[in-house]
Every structure is written in C-alpha cells, then in structure tokens.
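The values are calculated or read from the model by the stated rules, or taken from the named source; none is laboratory data. Keep in mind it's a predicted model, so treat the numbers as computed, not measured. Cβ placement follows ideal geometry from the backbone for every residue including glycine, while neighbour counts extend to all protein chains displayed. In case anyone asks, the SASA skips ligands and DNA or RNA and just uses the protein heavy atoms, side chains included. Shrake-Rupley method; radii C 1.70, N 1.55, O 1.52, S 1.80 Å.
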Amino acid sequence: MENFIGLISFLVLMIAGYLFGSYAERKHYKSILQREEQYRNVVLMALRLPRVSHVEHTQLVSGSVVISVDYFKRFLASLRMLVGGRLNSYESLLDRARREAILRMQKQASDMNASSVYNIKFETSSISKGQKDRVGSIEVLAYGTAIVGK
Amino acid sequence: MLISNLELVPGKKILKHLGLVQGSTVRAKHVGRDIMAGLKNVFGGELKGYTELLEDSRTEAIERMQKQAEAIGGNAIINVRFSTSSVAQGASEIFVYGTAVVVE
C-alpha cells in the first residue's frame, strides 16, 4: 500500500512537472525572443577596452536570475546520468538563465540611455546543491560597464 | 562614486591608484522562501525570492566596498569583479572587489 501511494505521488509530480515546466519554458523563450528584439539598440561587447570616441559617462550594470528545473526534467537527467552524454534538460535551463540575465543587464543599460555595454562577464553558481548533490537551481549573474556616448 | 569593470576610465585620466578594496556579505534564505522554492523545484521556473535576495546582498556588498574606497580617499573603483560561493547549505557569500583610484 505504501509503495502504491509512493508511486502515485511520483506520477503526479512527474505529470505536473512536465505540464507546468514545459509551459513555463515555452512562455519564457517567447518573452526572451521578444525582449531581445526590443533591446537590440544596446550593443553588447566582450571587449576589455571600449572603442568609443566620445564618452559621457560610464556605470556598472548587472542582471541576475535564479531559475529552477522542473521535476520531470530532473528525473530525465538522473536517467541520463546512468549512461552519460548530453543533458538536454539542463542545457536549456542554463541557456534560459544566461539570456535572461543578459536581458536584465541590457534593460538597466537601456534605461540610462547607454549605447553599449563593455567587458561583459558571467558568474554561474548552483544555489541548492541539496539532495544527492543534484543541480536543482542555478544562479547566473551577468555584469559589464555601460557606456553613455557615441 | 564611479564604479566600472573596465581597466580604465574612458575620457578621464587616472591620477592615483590606491589599491584593492573589497566588500562581502553572507546571507541565508528564510523558511517561507524555502517552501516556495520547494514548489518551484517541482514546476520549474524563476525563484523570484532568491533573485531578490541575491540582488540585495550584491547591493550591500557594493556599498561596503564603496565605503572602504571613500575611507582611503578614492573617487572611483575600476576593474570590479563579483564572486559567489556557497558557504553552507542555504547560505551563500557574495564577494565584490576592485581597485580604488583617484580620477580627475
């Protein structure tokens, strides 16, 4: 009987994770693509030194996000870990987190009328190592120097 | 105070280097947020509570660094870097450092 209850709750979590997780991911990607178009006027550069002739002022801008993978994908990943190979479910998680962090940084830069952001750096850390050292949720921070000028 | 992660200040001359300044803070999440995070671990998505928490602690770390730079007479901090490490389960340290300088 106890096994049966365990199985039921596992299935419910799997289905809920799959439904809500894939819905959230689709919605997130849609909003990412839309905002990437919106902030295209802020040029992002990984260069260390700015190539701008006229600089009015500079300021540090940053964007960060903490994002979690759903139950279904975590289960898929744990199966994949038995045989090794690409973990698709975590790849999309990290991709979403990075792009979201960049967008938040871009928004900050755009709000202060900056034309470009230089010397962009990333920081990635896992927040809840939690049970069995699994990557539950990750934090991505993107930062750089916004330059107002031509 | 001017804070930037470039190695120079574009359009301005650096008059004096004052050396490394740093600021750090260790924060833990509270139980309410933890329960929400547990739910989000099932459904997936952004953990807004944690994002805010880390944002706040980053601001505080920068403030501490700024105070240090002011104390030694700097008016700008350049080449700023961030670093995050988890100290214990549920607690993380935010560390920020840079070089204090005097610019025109």
Q: Would you tell me the accessible area of A:E123, worked out with a 1.4 angstrom probe on the heavy atoms of the protein chains, in Å² to the nearest 10?
A: 40
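In square nanometres, what is one fourth of the surface area of the convex hull spanned by the alpha carbons of chain A?
Orientation-averaged projected area of the Cα hull: 10.8 nm².
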Q) What accessible surface, in Å², does a 1.4 Å probe find on B:V87, ignoring ligands, DNA and RNA and rounding to the nearest 10? A) 100
Q | Label zone at A:D95 (point 7 Å along Cα-to-Cβ), backbone N below 18 Å, region B:37-55 | A | B:45-46
Q.
Under 10 Å, Cα contacts only: if you run a Gaussian network model on chain B, which one of B:T84, B:T59, B:T51 comes out with the highest mean-square fluctuation?
A. B:T51
Q: Pop a pseudo-label 7 angstrom from the Cα along the beta-carbon direction at both A:A16 and B:K13 and give the gap in nm to one decimal.
A: 6.6
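Report, in debye and to the nearest 20, how large the dipole of region A:2-149 comes out about its Cα centre when Lys and Arg carry +1 and Asp and Glu carry -1 on their Cβ. Present the calculation step by step, with values, prior to reporting the outcome.
On the way: 20 positive and 13 negative charges, 52 e Å.
Computed charge dipole of region A:2-149: roughly 240 debye.
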Q. Modelled label-to-label distance, A:I32 and A:E56, 7 Å Cα→beta-carbon offset: nm?
A. 3.2
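Across the protein assembly as shown, how large is the tail of the calculated P(r) beyond 34 Å, expressed as a percent of all Cα pairs? Before the final figure, lay out each step's value.
On the way: 8504 of 32131 pairs.
The calculated P(r) of the protein assembly as shown puts 26 percent of pairs beyond 34 Å.
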Q: Assuming R0 = 41 Å, can you tell me the calculated FRET efficiency for the pair A:R48 and B:E52, based on Cβ-Cβ distance, to the nearest 0.05?
A: 0.85
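B:A91 to A:K121: FRET efficiency via 1/(1 + (r/R0)^6), r the Cβ-Cβ distance, R0 22 Å, to the nearest 0.05? Provide the component values of the computation, followed by the final result.
Numbers: r = 24 Å, r/R0 = 1.08.
The formula returns an efficiency of 0.40 here.
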Q: Take the alpha-carbon centre of region A:1-45, take the same for region A:63-86, and report the distance between them in whole Å.
A: 12
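Beyond a 30 Å Cα-Cα separation, which of these cross-linked pairs lie in this structure: A:K27/B:K67; A:K30/A:K73; A:K121/A:K150; A:K30/B:K67? Show your work: numbers first, answer last.
Details: A:K27/B:K67 42 Å; A:K30/A:K73 20 Å; A:K121/A:K150 23 Å; A:K30/B:K67 42 Å.
As for pairs spanning more than 30 Å Cα to Cα, those are A:K27/B:K67; A:K30/B:K67.
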Q.
Please report the accessible area of A:H28 (heavy atoms, 1.4 Å probe, ligands and nucleic acids excluded) in Å², nearest 10.
A. 30
Q: Considering only DSSP beta bridges where both residues belong to region A:2-149, give the percentage that are antiparallel (nearest 5).
A: 90
Q.
Compute the angle between helix B:31-43 and the longest alpha-carbon principal axis of chain B, please, reported from 0 to 90 degrees and rounded to the nearest 10.
A. 70
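Chains B and A: how much accessible area gets covered up at their contact, both sides added, probe 1.4 Å, in Å² to the nearest hundred? Let's see the in-between values first.
Values: alone 6700 and 9940 Å², together 13730 Å².
Buried area between the two chains comes out at roughly 2900 Å².
Using only atoms on other chains, find how many Cβ atoms lie within 10 Å of each Cβ of peptide B:11-17 and report the average.
Numbers: counts 10, 3, 0, 0, 0, 0, 0.
Across B:11-17, the average partner-chain Cβ count within 10 Å equals 2.
Let me confirm one metric for peptide B:51-63, namely the mean number of other chain beta-carbon atoms within 10 Å of its residues' beta-carbons. If you can, show how the numbers build up before the last one.
Details: counts 9, 2, 2, 7, 7, 0, 0, 4, 1, 0, 0, 2, 0.
Other-chain Cβ atoms within 10 Å of each residue's Cβ, averaged: 3.
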(Q) About the Cα centre, and with charges only on the beta carbon of Lys, Arg (+1) and Asp, Glu (-1), how big is the dipole of the protein assembly as shown? Nearest 20 debye, please. (A) 480
